[in-house]
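Shown next, in structure tokens, is the structure this report addresses.
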Amino acid sequence: MIVKQKSKKRGSVTISLLVYIMATVLVVGYFAEAAAGLASRSYANSVIDLAGRSVLSEFDRHLLRDYGLMGMLLDSEMAEDRLKFYICNSFISQPGKLDFFRLNLTELQADTGAYSLTEPKRLHEQIVAYMKPRAAVEGVSALSLLTGNRLLVSAPTSNQSVGAKETADVTKERRLGNRQIVEALPSQNIAGISGLGGSLPTSLNPSDLAKSTGRDLLLNLYILSQFRNHMSADFPKTTFFRNEVEYVLAGQTNDKTNRILVLTSLLAVRSAINLTHIYQDPAKRQAVMTMALSLATATGPAVAVIFAMLATIWAAFEGLSDIRRLLRDDGVPLIKTAADWRTDLRYAIDHQADLLCPFERAQNFAGQSQNGQSAQTACNLSDPHYQDYLLLLLCFKSANCKLFRVMDLIQLDMKGRYYKEFLMKRCYAGVDFNCRIQRQSGYFLFSGKRMGEFASCHEY
């Protein structure tokens, strides 16, 4: 009897121990499986983030070096392939190492369309980020141009080692005649941007100029520093157009047309400012009135009409002199004093025919003298020069118009320098993707496959 009771006690203890052990194993296994699930999700998130960053690292180096823009030449399908490559290779277990998570990529969809560099806002953000360390003008109003201090002394030289140096004749002006290339430009068929996109500014409105923000000025300075203008010398990058900044302003596919349109716009601006000076200067008003009285057959309204015509011709002729000075790389004050005036009324009237098509003949135009003075007249180095006036004109163009034409120039020059098939619409600054990852459970009581869905956004 005693032996039987002892064996029963031993059996019950064994069963109790087995129950306790099984319960402990179940609890430990449950928590282990839960911990593995959390850890595998964290691990998968890390792999996905690393894969996205790896795709972003495949940016085009030429685009970065030449224009300071971060963009990858990968469409959605190519981005999917690269992401799959990075993720799948991260999940492969290495020989001799224990694979705790057993993860597999089952599905992935990527989309780069939302990050195209042909989106003006996105391109503007990159330009502002690039220019902020290079031009300390954030928050500065464009009215700083009126202070008499030159905002631009010379174009930045940070990219002088980039690209081959121009070897062709720098005086040669080109016309883009290839219809396929023209139709592929980002600005084509965009309302208000294709072609002239509205008239060039013919007058200065300080209230409009004051609206230019630091971001707008950074964009304008970027255009002047990265693209060639008519007065650029020894430009460090090969370009298709000689007058690239003028293209941004005028939008024509002919260098000569762009130059003439911009110079005509500058002539109109300078003439309007000069006319204001004539009306404010008593000596000049008296000179114009004296000539008007000598030409009028009778006093009255006719004198006022002749006065206005003479003042306008003189102002335009002085404006033509200003343009010649700018094309000699001399400075012209935005607001003139009597000492800054260069032309004589009688000479202006005698040579008013010069105002007809004044910019058609490019050669020797800059060196001509209009009133018997030397072409090399001393000027104040702090006065605005040609590129400063281009900056002024850029302040009156809409940001979208400038951005689309910047895309045109980048596309043309990248085609000429590196890739014949280069298109801005195939440049992307980021990628969105969704994927499904499968995890194989290693615990026998919870055996099976677990699916997890992940979404990620990566942008420069």
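Listing for the model above:
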| quantity | calculated |
| --- | --- |
| Flag if R242 is at pLDDT 85 or above, assigned to a loop (DSSP other than H, G, I, E, B), of a type in the set (K, R) and touching a Ser or Thr at 6+ places or on another chain (Cβ under 6 Å) | no |
| Lone qualifier among S76, S40, S90 - being among the polar types (S, T, N, Q) and out of contact with any strand residue (DSSP E or B) (no Cβ under 7 Å at 6 or more places or on another chain) | S90 |
| Looking only at segment 391-432, and only at residues there that are under 19 Å from I193 (Cα atoms) and of a type in the set (V, I, T), the one that is surrounded by the most Cβ atoms within 10 Å (Cβ to Cβ) | V406 |
| Residues satisfying the stated conditions in segment 333-348, i.e. part of a loop (DSSP other than H, G, I, E, B) and either over 11 Å from I273 (Cβ atoms) or touching a Leu at 6+ places or on another chain (Cβ under 9 Å) (or both) | L334, I335, T337, W341, R342, T343, D344 |
| Helices (runs of 4 or more DSSP H) contained entirely in segment 1-101, each with at least 1 residues that are modelled with pLDDT under 75 and touching a helix residue (DSSP H, G or I) at 6+ places or on another chain (Cβ under 9 Å) | 2-56 |
| Residue in segment 55-66 that is buried (at least 16 other Cβ atoms within 10 Å of the Cβ) and of a type in the set (S, T, Y) present | no |
| Set D322, D330: member being modelled with pLDDT of 80 or more and closer than 19 Å to A272 by Cβ | D322 |
| Residues (buried (at least 19 other Cβ atoms within 10 Å of the Cβ), outside any loop (DSSP other than H, G, I, E, B), β-branched (V, I, T) and over 11 Å from the mean Cα position of the chain (by Cα)) located in segment 102-129 | none |
| Set A250, A268: member being more than 20 Å from D329 (Cβ to Cβ), modelled with pLDDT of 90 or more and surrounded by 18 or more Cβ atoms within 10 Å (Cβ to Cβ) | A250 |
| Test for A283: is it surrounded by fewer than 18 Cβ atoms within 10 Å (Cβ to Cβ), assigned to a helix (DSSP H, G or I), in contact with a Gly (Cβ under 9 Å, 6 or more places away or on another chain) and among the small types (G, A, S) | no |
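The values are calculated or read from the model by the stated rules, or taken from the named source; none is laboratory data. Because the structure is a prediction, the values reported are computed rather than measured. All Cβ positions, even for glycine, are placed from backbone atoms using ideal geometry, and neighbour counts span all protein chains on display.
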